[in-house]
Amino acid sequence: MTQITATVDFAESGKQVGWLRVPHSVTRSAYGVIPVPIAVWRNGDGPAILLTAGTHGDEYEGQVVLTRLVQQLEVQDMRGLLIVIPSLNTPAAIAGTRVSPLDEGNLNRAFPGDPFGGPTSKIADYLHNHLVPLVDVVGDFHGGGASLVYRPHASTHFSPHAPQELKDRSLAAVKALGVPHVAILESESGGGGVSTATRHHGKIYLNGEYGGAGSVTQSGITLVDTAVQRLLAFFGATDRKFDPPLPPKVLRLFGHVYVPEPGVFVSATELGQSVVSGDLCGHLIFPENPTRDAIVLHFEKAGDVVCQRHPARVDRGDCVAHLAG
(Lines give C-alpha, C1' and ligand atoms only; values in the text may rest on other atoms or scores of the structure.)
Protein backbone atom coordinates (compact mmCIF):
# COMPACT_ATOMS: atom_id res chain seq x y z
CA MET A 1 0.00 0.00 0.00
CA THR A 2 2.97 2.33 0.48
CA GLN A 3 3.55 5.21 -1.91
CA ILE A 4 7.22 5.39 -0.90
CA THR A 5 9.73 3.97 -3.34
CA ALA A 6 13.27 2.91 -2.46
CA THR A 7 16.29 3.29 -4.72
CA VAL A 8 18.00 0.43 -2.84
CA ASP A 9 17.35 -3.31 -3.05
CA PHE A 10 17.10 -4.87 0.40
CA ALA A 11 17.81 -8.35 -0.99
CA GLU A 12 20.97 -7.40 -2.88
CA SER A 13 24.39 -8.28 -1.47
CA GLY A 14 26.94 -5.51 -0.95
CA LYS A 15 26.67 -1.93 0.27
CA GLN A 16 24.16 0.53 -1.18
CA VAL A 17 23.47 4.15 -0.30
CA GLY A 18 20.30 5.63 -1.72
CA TRP A 19 16.95 7.18 -0.93
CA LEU A 20 13.44 6.56 0.21
CA ARG A 21 11.33 8.80 -2.01
CA VAL A 22 8.34 10.07 -0.04
CA PRO A 23 5.70 11.62 -2.34
CA HIS A 24 4.86 15.20 -1.43
CA SER A 25 2.69 17.02 -3.94
CA VAL A 26 2.50 20.78 -3.38
CA THR A 27 1.87 23.86 -5.51
CA ARG A 28 5.59 24.39 -6.05
CA SER A 29 6.17 20.76 -7.10
CA ALA A 30 3.21 18.71 -8.29
CA TYR A 31 5.14 15.42 -8.45
CA GLY A 32 7.73 16.19 -5.81
CA VAL A 33 9.29 13.78 -3.35
CA ILE A 34 11.11 14.09 -0.05
CA PRO A 35 14.38 12.14 -0.33
CA VAL A 36 15.08 10.32 2.95
CA PRO A 37 18.64 8.91 2.96
CA ILE A 38 19.07 5.18 3.54
CA ALA A 39 22.03 2.80 3.49
CA VAL A 40 21.86 -0.98 3.25
CA TRP A 41 24.59 -3.57 3.81
CA ARG A 42 24.04 -7.28 3.14
CA ASN A 43 26.75 -9.88 3.57
CA GLY A 44 25.72 -13.51 3.94
CA ASP A 45 24.04 -14.98 6.98
CA GLY A 46 23.77 -12.99 10.18
CA PRO A 47 21.51 -10.70 12.17
CA ALA A 48 19.11 -8.23 10.58
CA ILE A 49 19.36 -4.79 12.20
CA LEU A 50 17.75 -1.39 11.55
CA LEU A 51 19.39 1.73 13.02
CA THR A 52 17.66 5.11 12.89
CA ALA A 53 18.25 8.66 14.11
CA GLY A 54 16.57 11.98 13.45
CA THR A 55 13.14 10.66 14.41
CA HIS A 56 13.05 14.08 16.07
CA GLY A 57 14.97 16.49 13.89
CA ASP A 58 16.56 18.51 16.72
CA GLU A 59 18.28 15.50 18.33
CA TYR A 60 21.73 15.28 16.83
CA GLU A 61 24.02 12.74 18.48
CA GLY A 62 22.53 9.78 16.62
CA GLN A 63 22.38 11.69 13.34
CA VAL A 64 26.13 12.40 13.53
CA VAL A 65 27.11 8.85 14.48
CA LEU A 66 24.93 7.12 11.89
CA THR A 67 26.07 9.52 9.14
CA ARG A 68 29.66 8.57 9.91
CA LEU A 69 28.72 4.88 10.00
CA VAL A 70 27.30 5.16 6.47
CA GLN A 71 30.56 6.73 5.33
CA GLN A 72 32.95 4.37 7.09
CA LEU A 73 31.45 0.86 7.39
CA GLU A 74 32.33 -1.45 4.51
CA VAL A 75 30.37 -4.58 3.70
CA GLN A 76 33.33 -6.90 4.34
CA ASP A 77 33.44 -5.63 7.93
CA MET A 78 29.95 -6.89 8.82
CA ARG A 79 27.62 -9.82 8.29
CA GLY A 80 23.90 -10.21 7.84
CA LEU A 81 21.61 -7.29 6.96
CA LEU A 82 22.08 -3.75 8.25
CA ILE A 83 19.78 -0.85 7.36
CA VAL A 84 20.71 2.67 8.50
CA ILE A 85 18.60 5.84 8.21
CA PRO A 86 20.50 8.76 9.77
CA SER A 87 17.71 11.38 9.41
CA LEU A 88 14.45 9.46 9.53
CA ASN A 89 12.22 12.54 9.66
CA THR A 90 14.33 14.36 7.11
CA PRO A 91 12.17 17.51 6.85
CA ALA A 92 12.42 17.98 10.62
CA ALA A 93 16.15 17.21 10.58
CA ILE A 94 16.80 19.85 7.91
CA ALA A 95 14.70 22.39 9.82
CA GLY A 96 16.29 21.48 13.16
CA THR A 97 12.86 20.98 14.71
CA ARG A 98 11.20 18.24 16.74
CA VAL A 99 8.27 17.99 14.35
CA SER A 100 8.06 18.17 10.58
CA PRO A 101 7.64 21.69 9.16
CA LEU A 102 5.59 20.16 6.35
CA ASP A 103 2.71 18.76 8.39
CA GLU A 104 3.61 19.43 12.06
CA GLY A 105 3.95 15.67 12.40
CA ASN A 106 5.77 14.21 15.40
CA LEU A 107 7.14 11.00 13.90
CA ASN A 108 7.52 9.35 17.30
CA ARG A 109 3.78 9.74 17.86
CA ALA A 110 2.67 8.79 14.32
CA PHE A 111 2.91 4.98 14.28
CA PRO A 112 1.55 2.80 12.78
CA GLY A 113 1.18 5.56 10.21
CA ASP A 114 -0.95 5.96 7.12
CA PRO A 115 0.26 5.32 3.56
CA PHE A 116 -2.14 8.01 2.31
CA GLY A 117 -1.50 10.56 5.06
CA GLY A 118 0.97 13.42 5.23
CA PRO A 119 4.73 12.94 4.90
CA THR A 120 5.18 11.99 8.57
CA SER A 121 2.43 9.37 8.44
CA LYS A 122 3.84 7.94 5.21
CA ILE A 123 7.29 7.51 6.79
CA ALA A 124 5.80 5.86 9.88
CA ASP A 125 3.76 3.48 7.75
CA TYR A 126 6.80 2.51 5.68
CA LEU A 127 8.82 1.67 8.77
CA HIS A 128 5.94 -0.14 10.44
CA ASN A 129 4.90 -2.29 7.48
CA HIS A 130 7.99 -2.56 5.27
CA LEU A 131 11.25 -2.12 7.21
CA VAL A 132 10.63 -3.44 10.73
CA PRO A 133 9.37 -6.80 9.38
CA LEU A 134 12.73 -7.24 7.59
CA VAL A 135 14.83 -7.09 10.78
CA ASP A 136 15.23 -8.64 14.22
CA VAL A 137 16.45 -5.54 16.06
CA VAL A 138 15.71 -1.81 15.84
CA GLY A 139 18.06 0.75 17.42
CA ASP A 140 16.55 4.24 17.48
CA PHE A 141 18.83 6.97 18.86
CA HIS A 142 17.31 10.04 20.51
CA GLY A 143 18.36 13.08 22.56
CA GLY A 144 16.49 15.71 24.52
CA GLY A 145 16.13 18.02 21.53
CA ALA A 146 15.96 21.79 21.75
CA SER A 147 13.63 21.91 24.77
CA LEU A 148 15.22 19.34 27.12
CA VAL A 149 18.54 18.11 28.47
CA TYR A 150 18.91 14.48 29.56
CA ARG A 151 21.37 12.67 31.72
CA PRO A 152 22.20 10.06 29.07
CA HIS A 153 20.58 6.68 29.29
CA ALA A 154 19.89 3.74 27.02
CA SER A 155 16.48 2.07 27.08
CA THR A 156 14.52 -0.90 25.86
CA HIS A 157 10.77 -0.98 25.31
CA PHE A 158 8.45 -3.99 25.17
CA SER A 159 4.92 -5.10 25.94
CA PRO A 160 4.10 -6.71 29.29
CA HIS A 161 2.78 -9.63 27.24
CA ALA A 162 5.93 -10.06 25.15
CA PRO A 163 7.55 -13.51 25.26
CA GLN A 164 9.99 -13.82 28.15
CA GLU A 165 12.74 -14.74 25.71
CA LEU A 166 12.32 -11.38 23.92
CA LYS A 167 12.32 -9.51 27.23
CA ASP A 168 15.46 -11.29 28.41
CA ARG A 169 17.28 -10.71 25.12
CA SER A 170 16.24 -7.03 25.11
CA LEU A 171 17.53 -6.52 28.65
CA ALA A 172 20.81 -8.27 27.89
CA ALA A 173 21.29 -6.14 24.78
CA VAL A 174 20.57 -2.78 26.40
CA LYS A 175 22.91 -3.61 29.31
CA ALA A 176 25.66 -4.46 26.81
CA LEU A 177 25.67 -0.98 25.23
CA GLY A 178 28.07 0.47 27.79
CA VAL A 179 25.75 3.26 28.97
CA PRO A 180 25.89 3.75 32.77
CA HIS A 181 22.11 4.17 33.11
CA VAL A 182 19.45 1.97 31.51
CA ALA A 183 15.69 2.57 31.47
CA ILE A 184 13.09 -0.18 31.08
CA LEU A 185 9.79 0.88 29.49
CA GLU A 186 7.19 -1.87 29.72
CA SER A 187 3.79 -0.79 28.41
CA GLU A 188 1.08 -2.02 26.13
CA SER A 189 0.81 0.54 23.35
CA GLY A 190 4.15 2.12 22.54
CA GLY A 191 2.45 5.53 22.45
CA GLY A 192 2.62 5.89 18.68
CA GLY A 193 6.43 5.72 18.67
CA VAL A 194 8.77 3.45 16.77
CA SER A 195 8.29 0.85 19.50
CA THR A 196 4.64 0.58 18.39
CA ALA A 197 6.01 -1.18 15.31
CA THR A 198 8.51 -3.36 17.17
CA ARG A 199 5.85 -4.48 19.68
CA HIS A 200 3.47 -5.30 16.83
CA HIS A 201 6.03 -7.40 15.00
CA GLY A 202 7.74 -8.91 18.07
CA LYS A 203 11.14 -7.30 17.50
CA ILE A 204 13.79 -6.08 19.92
CA TYR A 205 13.71 -2.30 20.39
CA LEU A 206 16.65 -0.33 21.79
CA ASN A 207 16.26 3.39 22.35
CA GLY A 208 17.83 6.03 24.55
CA GLU A 209 18.24 9.71 25.25
CA TYR A 210 21.84 10.81 24.78
CA GLY A 211 21.99 14.57 25.31
CA GLY A 212 19.88 17.56 24.41
CA ALA A 213 19.71 21.35 24.39
CA GLY A 214 19.58 21.31 20.61
CA SER A 215 23.35 20.91 20.50
CA VAL A 216 25.85 18.10 20.14
CA THR A 217 28.88 17.34 22.30
CA GLN A 218 31.90 15.17 21.77
CA SER A 219 31.06 13.19 24.89
CA GLY A 220 27.55 12.54 23.54
CA ILE A 221 28.91 11.43 20.17
CA THR A 222 31.39 9.10 21.86
CA LEU A 223 28.64 7.57 23.99
CA VAL A 224 26.35 6.95 21.00
CA ASP A 225 29.17 5.65 18.82
CA THR A 226 30.18 3.19 21.53
CA ALA A 227 26.55 2.09 21.92
CA VAL A 228 26.20 1.54 18.16
CA GLN A 229 29.42 -0.44 17.91
CA ARG A 230 28.54 -2.54 20.97
CA LEU A 231 25.05 -3.17 19.57
CA LEU A 232 26.46 -4.48 16.29
CA ALA A 233 28.95 -6.68 18.14
CA PHE A 234 26.41 -8.00 20.66
CA PHE A 235 24.13 -9.34 17.92
CA GLY A 236 27.01 -10.70 15.86
CA ALA A 237 26.96 -8.23 12.97
CA THR A 238 30.67 -7.47 13.53
CA ASP A 239 33.63 -9.25 15.10
CA ARG A 240 34.70 -6.35 17.32
CA LYS A 241 35.51 -7.35 20.87
CA PHE A 242 34.65 -5.24 23.90
CA ASP A 243 35.34 -5.69 27.57
CA PRO A 244 32.14 -6.31 29.50
CA PRO A 245 30.76 -2.95 30.64
CA LEU A 246 30.22 -2.15 34.29
CA PRO A 247 26.70 -3.19 35.37
CA PRO A 248 24.42 -0.22 34.60
CA LYS A 249 21.95 1.27 37.02
CA VAL A 250 18.51 0.12 35.87
CA LEU A 251 15.79 2.79 36.05
CA ARG A 252 12.11 3.27 35.41
CA LEU A 253 11.00 6.71 34.23
CA PHE A 254 8.19 8.60 35.98
CA GLY A 255 7.38 11.86 37.78
CA HIS A 256 7.12 14.84 35.43
CA VAL A 257 6.88 18.39 36.77
CA TYR A 258 4.82 20.90 34.76
CA VAL A 259 4.51 24.68 35.03
CA PRO A 260 1.04 26.17 35.58
CA GLU A 261 1.48 29.34 33.52
CA PRO A 262 3.97 31.33 31.40
CA GLY A 263 7.11 32.72 33.00
CA VAL A 264 10.82 32.12 33.47
CA PHE A 265 11.74 28.85 35.19
CA VAL A 266 14.74 28.79 37.52
CA SER A 267 15.72 25.23 38.38
CA ALA A 268 16.82 24.38 41.91
CA THR A 269 18.41 21.04 40.99
CA GLU A 270 21.11 19.57 38.76
CA LEU A 271 20.91 16.59 36.42
CA GLY A 272 21.48 13.38 38.32
CA GLN A 273 20.52 14.87 41.68
CA SER A 274 18.42 12.66 43.97
CA VAL A 275 15.25 14.21 45.40
CA VAL A 276 12.35 13.18 47.61
CA SER A 277 8.68 14.13 47.52
CA GLY A 278 8.27 17.76 48.50
CA ASP A 279 11.78 18.85 47.54
CA LEU A 280 12.13 22.13 45.70
CA CYS A 281 12.12 21.75 41.90
CA GLY A 282 12.45 25.44 41.10
CA HIS A 283 10.81 28.83 40.91
CA LEU A 284 8.64 30.35 38.21
CA ILE A 285 9.34 34.09 38.11
CA PHE A 286 7.82 36.96 36.12
CA PRO A 287 10.35 39.57 34.92
CA GLU A 288 7.59 41.37 33.01
CA ASN A 289 5.81 41.91 36.35
CA PRO A 290 8.59 42.19 38.96
CA THR A 291 6.26 42.92 41.86
CA ARG A 292 4.60 39.51 41.48
CA ASP A 293 5.75 36.74 43.83
CA ALA A 294 7.41 33.70 42.32
CA ILE A 295 5.50 30.41 42.05
CA VAL A 296 7.31 27.63 43.88
CA LEU A 297 7.29 24.17 42.25
CA HIS A 298 8.00 20.96 44.16
CA PHE A 299 8.65 17.37 43.22
CA GLU A 300 5.71 15.09 43.96
CA LYS A 301 7.78 11.88 43.99
CA ALA A 302 11.25 10.67 44.94
CA GLY A 303 13.89 9.78 42.34
CA ASP A 304 16.82 11.00 40.29
CA VAL A 305 16.49 14.09 38.08
CA VAL A 306 17.18 12.63 34.63
CA CYS A 307 15.75 15.40 32.45
CA GLN A 308 15.38 19.16 32.71
CA ARG A 309 13.92 21.97 30.68
CA HIS A 310 16.52 23.78 28.55
CA PRO A 311 14.96 27.15 27.54
CA ALA A 312 14.24 29.21 30.64
CA ARG A 313 11.15 30.87 29.18
CA VAL A 314 8.24 28.45 29.59
CA ASP A 315 4.55 28.31 28.80
CA ARG A 316 1.67 26.71 30.64
CA GLY A 317 1.95 22.92 30.55
CA ASP A 318 5.67 22.78 29.72
CA CYS A 319 7.62 19.98 31.38
CA VAL A 320 10.56 21.31 33.42
CA ALA A 321 11.82 18.11 35.06
CA HIS A 322 11.52 14.33 34.80
CA LEU A 323 12.44 11.72 37.39
CA ALA A 324 13.58 8.13 37.31
CA GLY A 325 14.26 5.57 39.97
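The values are calculated or read from the model by the stated rules, or taken from the named source; none is laboratory data. The model shown is predicted, which means the values in this text are computed figures rather than measured ones. Positions of Cβ are generated from backbone atoms using ideal geometry, with glycine treated the same way; all protein chains shown enter the neighbour counts.
A few points about this structure:
- Considering only residues in region 247-268 that are of a type in the set (A, V, I, L, M, F, W, C) and modelled with pLDDT of 95 or more, the one that is nearest to the chain's Cα centre (by Cα) turns out to be 257.
- Qualifying residue in region 136-148 (condition: surrounded by fewer than 23 Cβ atoms within 10 Å (Cβ to Cβ) and more than 16 Å from the chain's Cα centre (by Cα)): yes
- Whichever residue in region 259-296 is part of a loop (DSSP other than H, G, I, E, B) and of a type in the set (Val, Ile, Thr) and, among such residues, is surrounded by the fewest Cβ atoms within 10 Å (Cβ to Cβ): 291
- Tally, over region 221-258, of residues that are buried (at least 17 other Cβ atoms within 10 Å of the Cβ), more than 21 Å from residue 157 (Cβ to Cβ) and out of contact with any strand residue (DSSP E or B) (no Cβ under 6 Å at 6 or more places or on another chain): 4
- Listed conditions (1) buried (at least 20 other Cβ atoms within 10 Å of the Cβ); (2) more than 19 Å from residue 49 (Cβ to Cβ); (3) out of contact with any strand residue (DSSP E or B) (no Cβ under 8 Å at 6 or more places or on another chain) are all met by residue 151, apart from (3).
- Number of the exception - residue 309 against (1) surrounded by 16 or more Cβ atoms within 10 Å (Cβ to Cβ); (2) charged (D, E, K, R); (3) within 23 Å of residue 187 (Cα to Cα): (3)
- From the list 165, 209, the one residue that fits, being acidic (Asp, Glu) and either outside the structural domain of residue 128 (by TED's automatic domain parsing) or within 21 Å of residue 308 (Cα to Cα) (or both), is 209.
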